[in-house]
Amino acid sequence: MTAPAVTGTRGGALAIDALTVGYGGAPVLHGVGFDLAPGEVVALLGANGAGKTTLLRTIAGLVAPASGDIRLDGRDLTALRTEDRARRGLALVPEGQSVVAELTVDENLHLGALWRHRGAARERAVADVYEMFEPLARRRTSAGHQLSGGERQMLALGRALVADPVLLALDEPSLGLAPLVVAHLMSTLRDAASSRGLTVLLAEQNVTSALSIADRGIVLDLGRVVADASAAALAADDTLRHAYLGF
Ligand SMILES: Nc1ncnc2c1ncn2[C@@H]1O[C@H](COP(=O)(O)OP(=O)(O)OP(=O)(O)O)[C@@H](O)[C@H]1O
Ligand SMILES: [Mg+2]
């Protein structure tokens with residue numbers, strides 16, 4: 001079945017269907033399926049080992065599924081390489097504040113814009129990120145290794161944004177950051193998503209922070225979707241929170 005291409009928005013509709021993924025042994029994702037609407041911010045929740053990272057890496061094309069498919073705006077991505085998925089507007093911010101430590105903030109951002117923009121458009125994309133993340137603008141000549149954890153995570157996010165993705169997947173961006181820094185990062189992410197009409201899939205162990213900016217949440221347990229509901233409904237569901245989210 002081919003979903004119709006989305007019109008009237010920047011796109012970013014993601015459809016995951018019956019995705020089964022393993023690492024050679026038994027599968028770790030078992031028939032996972034869900035849809036994201038364009039512009040929706042969705043938290044991907046679940047305990048350690050639930051399969052969040054595996055799912056994001058499969059969407060980005062870093063892990064090949066055994067079966068199932070992944071569509072972006074109706075187009076099947078499953079057979080495409082990671083670079084070709086990125087060209088279609090898919091960006092992954094992996095776990096661990098990944099930036100190039102030897103390059104400056106400005107060089108890191110230009111690197112992110114390299115294949116997507118040229119000349120003036122590239123400068124505008126970088127300038128937009130500085131406007132969104134003031135701490136980065138102040139540190140534009142600092143090397144990646146000189147930044148705080150929070151600044152590095154902002155740079156990793158900024159580097160993904162300069163390529164103007166339609167779908168942004170993030171793997172635990174709050175990991176290791178102080179609560180105030182997490183709060184700032186989350187609100188900036190929400191603002192970026194709203195102002196750009198970006199679809200966001202946010203894998204987080206920090207359930208409260210993720211649900212505070214998400215429209216919806218999907219809970220994985222042992223590689224299966226066990227809940228898919230509005231952020232408000234998930235936050236209010238004590239039984240579900242105790243069973244799968246540990247609080
Ligand atoms: N490269 C790999 N090779 C073999 N098994 C793996 C590999 N990566 C993950 N796994 C296994 O797949 C399952 C899901 O792991 P995954 O990292 O996707 O979970 P997660 O939800 O991201 O967990 P966490 O919250 O700890 O980041 C786990 O049982 C894990 O041990
Ligand atoms: Mg993970």
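Pick from region 90-113 the residues that are away from ligand 2 (no atom under 16 Å from the Cβ) and crowded, with 20+ Cβ neighbours inside 10 Å: which of them is farthest from THR199 (Cα to Cα)?
The qualifying residue farthest from THR199 (Cα to Cα) is VAL105.
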*asked:* Restricting to region 38-69, name every residue that is more than 14 Å from ligand 2 (Cβ to nearest atom), of a type in the set (Gly, Ala, Ser) and in a strand (DSSP E or B).
replied: SER67, GLY68
_Selection count where residues are at pLDDT 90 or above and either β-branched (Val, Ile, Thr) or under 18 Å from the mean Cα position of the chain (by Cα) (or both), scope region 5-18_ = 5
_Can you pull out every residue in region 110-135 that is touching a Gly at 6+ places or on another chain (Cβ under 6 Å) and in a helix (DSSP H, G or I)?_
VAL129
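Can you go through LEU44, LEU80, LEU72 and tell me which one is within 11 Å of ligand 1 (Cβ to nearest atom) and surrounded by 15 or more Cβ atoms within 10 Å (Cβ to Cβ)? Break it down stepwise before answering.
On the way: LEU80 fails: within 11 Å of ligand 1 (Cβ to nearest atom); LEU72 fails: within 11 Å of ligand 1 (Cβ to nearest atom).
Criteria check complete, one pass: LEU44.
If I filter region 137-147 for residues that are part of a helix (DSSP H, G or I), of a type outside the set (Val, Ile, Thr) and surrounded by fewer than 13 Cβ atoms within 10 Å (Cβ to Cβ), do I get at least one hit?
yes
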*Select, from ILE70, ILE59, the only residue that is at pLDDT 95 or above, of a type in the set (Val, Ile, Thr) and under 30 Å from ALA178 (Cβ atoms).*
ILE59
*Counting just the residues of region 17-33 that are part of a loop (DSSP other than H, G, I, E, B) and among the small types (Gly, Ala, Ser), which one comes out farthest from ligand 1 (Cβ to nearest atom)?*
ALA26
*What do you reckon, is THR58 of a type in the set (Val, Ile, Thr), without any contact (Cβ under 8 Å) to a residue 40 or more places away in the chain, buried (at least 20 other Cβ atoms within 10 Å of the Cβ) and on the phi < 0 side of the Ramachandran plot?*
yes
*Among ARG87, ARG116, which is in contact (Cβ under 8 Å) with a residue 12 or more places away in the chain, surrounded by 14 or more Cβ atoms within 10 Å (Cβ to Cβ) and not aromatic (Phe, Trp, Tyr)?*
ARG116
*asked:* I'd like to know if region 169-176 contains one or more residues that are of a type outside the set (Ser, Thr, Tyr) and more than 16 Å from ligand 2 (Cβ to nearest atom).
replied: no
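Does region 84-105 contain at least one residue that is over 21 Å from the mean Cα position of the chain (by Cα), over 13 Å from LEU161 (Cα atoms), among the acidic types (Asp, Glu) and outside any loop (DSSP other than H, G, I, E, B)?
Scanning region 84-105, I find no residue that is over 21 Å from the mean Cα position of the chain (by Cα), over 13 Å from LEU161 (Cα atoms), among the acidic types (Asp, Glu) and outside any loop (DSSP other than H, G, I, E, B), so the answer is no.
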*The listed residue being hydroxyl-bearing (Ser, Thr, Tyr), more than 19 Å from PRO165 (Cα to Cα) and modelled with pLDDT of 95 or more, out of THR53, THR2*: THR53
*Single condition THR53 does not satisfy, out of (1) of a type in the set (S, T, N, Q); (2) buried (at least 21 other Cβ atoms within 10 Å of the Cβ); (3) touching a residue at least 60 places away in the same chain (Cβ under 8 Å)*: (2)
_Pairs please, first residue from region 187-203 and closer than 13 Å to ASP215 by Cβ, second anywhere and assigned to a helix (DSSP H, G or I), Cβ atoms under 6 Å, 6+ apart in sequence or on different chains._
ARG190/ILE213; VAL200/ALA193; LEU202/ALA210
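The values are calculated or read from the model by the stated rules, or taken from the named source; none is laboratory data. Just so it is clear, the structure is predicted and the values come from calculations on it, not from any experiment. In this analysis, Cβ positions are derived from the backbone assuming ideal geometry, glycine residues included, and neighbour counts consider all displayed protein chains.
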